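Quick notes on the structure that follows.
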Amino acid sequence: MMKNKNLGYVVLSILLVFISIIAFVIPTEKTGTFWITYVFTTIAILAQIVIWKNTLGKEDTLKSKFLGLPVIHVGIVYLVVQIVAFAVFTAVPTLPIWSAIVACTSILCFSVVSMIAGEAGRGETEYVESKVQKKVFFIKELQTDVELLIDRETDIEIRTALQQLAEKIRFSDPMSDDTLSKIENTIAERVAELKTESDKMSIIHELDSLLAERNKKAKILK
């Protein structure tokens, strides 16, 4: 990732040099519109470094970086549009200065607003996914605990009952809710008791009932 990012910086540097050479070599009148659009174009190129650094430079997960791609896309579109505007105002130096200011400022503002919206969407997506992960953690942890008990169980009858329990857990509603915390805590306590109690079969039967009750309540909440 770092290598690709550094390569991108090199490309941006080459682009800035290339545009500058073309702009100053072409025999056009260097009016106020030229300098205004040239400055805005330079800002657009340098802005890519800031955008890439903030979007890809964080110590985030690959998924988080992927969600940041729309922001990078907006940044690239902003750069392309600004370069086009620079080309137009360079080719037509007689255009009034105010038109260059309005055009470049509008391009910049629309781009910034779009990038802010994209970053906000990224943050909201990550927040929602984080909440979902927390809500499905209970069932995943519960299934793991029961599967570990199955691996350690030597009694065939209890082992079979645990396998059936694990199957019910696997097909249980994965989404949790604050209103289910009481019954889920009870389920977790009963599973913990399976590690020490001798009458495991009665606990398994109780867990069957608790799971059925929990799943019915979870269904009502939807």
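Each reported figure results from applying straightforward, stated rules to the coordinates on display, with no laboratory input. In this text, all values refer to a predicted model and were calculated from it rather than measured experimentally. Cβ atoms come from the backbone with ideal geometry, glycine included; neighbour counts cover every protein chain shown.
Exceedance of the 25 Å cut-off in Cα-Cα distance is limited, within the set 140/219; 140/182; 195/217; 168/216, to 195/217.
From the alpha carbon centroid of region 141-160 to that of region 4-39 is 68 Å. Each of 109, 104 has some number of other Cβ atoms within 10 Å of its Cβ, and from fewest to most they run 109, 104.
Most tightly packed first, judged by the mean number of other beta-carbon atoms within 10 Å of their residues, the peptides 40-50, 26-36 read 40-50, 26-36.
Computed from the Cβ-Cβ distance with R0 of 30 Å, the FRET efficiency linking residue 94 to residue 6 stands at 0.15. Counting 0.36 nm for each residue step from residue 46 to residue 217 and taking away their Cα separation leaves a gain of 56.1 nm. Available extension along the chain between residue 201 and residue 137 is 20.5 nm, counting 0.36 nm per residue and deducting the alpha carbon span.
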